[in-house]
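The values are calculated or read from the model by the stated rules, or taken from the named source; none is laboratory data. Every value quoted in this text rests on a predicted model; they were computed, and no experiment measured them. Glycine also receives a Cβ, built like all others from the backbone with ideal geometry; neighbour counts cover every protein chain displayed.
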Amino acid sequence: MKQTVIGFGELLWDMLPAGKQIGGAPGNFAFHAMQCGLDGYIVSAVGNDPLGDEILQVARERGLNCIVSRVDKPTGTVDIKLDSNGVPQYTINEHVAWDYIPFTPQLQALAQQADAVCFGSLAQRHDISRNTLHRFLSMMKKDTLKIFDVNLRQHFYDRSILEDNLNVCNILKLNDEEVAILGRLFGYESTNREAISRQLLTDFSLKMVILTCGSECSYVFTPDGMSHIDTPKGKMADTVGAGDSFTATFCACIMQGDPISKAHQAAVDVAAYVCTQNGAMPVWPAELRDTVSE
């Protein structure tokens, strides 16, 4: 049987200069994990509106299993502007459907069968979705992967939320800007990104810390060592969803028995490809899929 992975949180429309694209880190994660051969689910909520109808149709066309409630709030949208390097700047609209994800019997059953879940801080800006997530996490099997992709956006986080999630996850994913923020919030003396990553690994008894540093490099830290790979150079459309594709590929490869070095290289290759495409959920070409599955 295929292993089951969950992306929990925001399902939304990325309003890009080239037009709207389905997005949200949890859906991106589930979609790319699915391309690695796992069974991907998105847990979220959308509105009882045309944008909600359309996004569910697109998600299903992408092959995602949708455990998505319809609620009396508008479907989420994010206004995105790209700088000269293709790096996105986000304006995330508030009081939207994915802030109000309800806990249901279907979610309870999914929690008990899931092999991994990825979640971030953004989907916890409202009590309802935050409480649903932590109830879901508490019902998962003991040895599952709980991946906290901090996903710091605008003002939608604080130390308390971050600490709560670091205490329940076993894999932490963050980027070079986020590692500096966590270092300051937790009062770490060092400003070195590697030192902060290692201290987070130790302080919260994590299995791994994944640190991506954009066009420079990426790291995977474990209690026993570190993997480091430079980011490949090439043409770029935008970086939307690149980090999510990295996390999904790495975790899917680990779950399927690959060593960290191989999983890390596969994640770098997939993220590099995603950067050449518009939007967060491009279908991988056959040669990339074959490379990842080797």
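General observations
- Qualifying residues in segment 76-113 (those that are within 23 Å of ALA242 (Cα to Cα) and among the polar types (S, T, N, Q)) - the one surrounded by the fewest Cβ atoms within 10 Å (Cβ to Cβ): SER84
- Count of residues meeting criterion [more than 27 Å from ILE80 (Cα to Cα) and in contact (Cβ under 8 Å) with a residue 24 or more places away in the chain] in segment 227-247: 2
- Single residue of PRO26, PRO88 found to be more than 23 Å from THR132 (Cα to Cα) and touching a strand residue (DSSP E or B) at 6+ places or on another chain (Cβ under 8 Å): PRO88
- Residue in segment 248-258 that is surrounded by fewer than 16 Cβ atoms within 10 Å (Cβ to Cβ) and either in contact (Cβ under 8 Å) with a residue 60 or more places away in the chain or over 22 Å from ALA280 (Cβ atoms) (or both) present: yes
- Residues being over 10 Å from CYS275 (Cα atoms) and either among the charged types (D, E, K, R) or assigned to a loop (DSSP other than H, G, I, E, B) (or both) - total across segment 240-259: 5
- Among the residues of this structure, ASN151 does not count as one that is out of contact with any helix residue (DSSP H, G or I) (no Cβ under 8 Å at 6 or more places or on another chain) and either of a type outside the set (Val, Ile, Thr) or within 20 Å of ILE254 (Cβ to Cβ) (or both).
- Taking segment 146-162 as the range and being of a type in the set (Lys, Arg) and at pLDDT below 95 as the test, the residues that pass are ARG153, ARG159.
- Within segment 67-90, the set of residues being assigned to a strand (DSSP E or B) and without any contact (Cβ under 8 Å) to a residue 40 or more places away in the chain comprises SER69, ARG70, VAL71, GLN89.
- Here SER215 passes the criteria (1) among the hydroxyl-bearing types (Ser, Thr, Tyr); (2) closer than 28 Å to PRO282 by Cα; (3) crowded, with 18+ Cβ neighbours inside 10 Å except the one numbered (3).
- Listed by first and then second residue, the pairs linking a residue in segment 171-186 that is without any contact (Cβ under 8 Å) to a residue 40 or more places away in the chain to a residue that is basic (Lys, Arg) and surrounded by fewer than 22 Cβ atoms within 10 Å (Cβ to Cβ), with Cβ atoms under 6 Å apart and 6 or more places separating them unless they lie on different chains, are VAL179/ARG193; LEU185/ARG159.
- Criterion violated by ARG289 - all others in (1) touching a strand residue (DSSP E or B) at 6+ places or on another chain (Cβ under 9 Å); (2) in contact (Cβ under 8 Å) with a residue 24 or more places away in the chain; (3) of a type in the set (D, E, K, R); (4) surrounded by fewer than 24 Cβ atoms within 10 Å (Cβ to Cβ) satisfied: (1)
- So ASP49, is it crowded, with 17+ Cβ neighbours inside 10 Å and over 26 Å from TYR157 (Cα atoms): no
- Candidate set: segment 150-170, residues that are of a type outside the set (Lys, Arg) and in contact with a Phe, Trp or Tyr (Cβ under 7 Å, 6 or more places away or on another chain); chosen: the one surrounded by the most Cβ atoms within 10 Å (Cβ to Cβ): ASN165
- Any hit, segment 125-136, residues being without any contact (Cβ under 8 Å) to a residue 24 or more places away in the chain and more than 28 Å from MET1 (Cα to Cα): yes
- Checked against (1) in a loop (DSSP other than H, G, I, E, B); (2) under 15 Å from VAL117 (Cβ atoms); (3) aliphatic (A, V, I, L, M), LEU152 passes all but condition (2).
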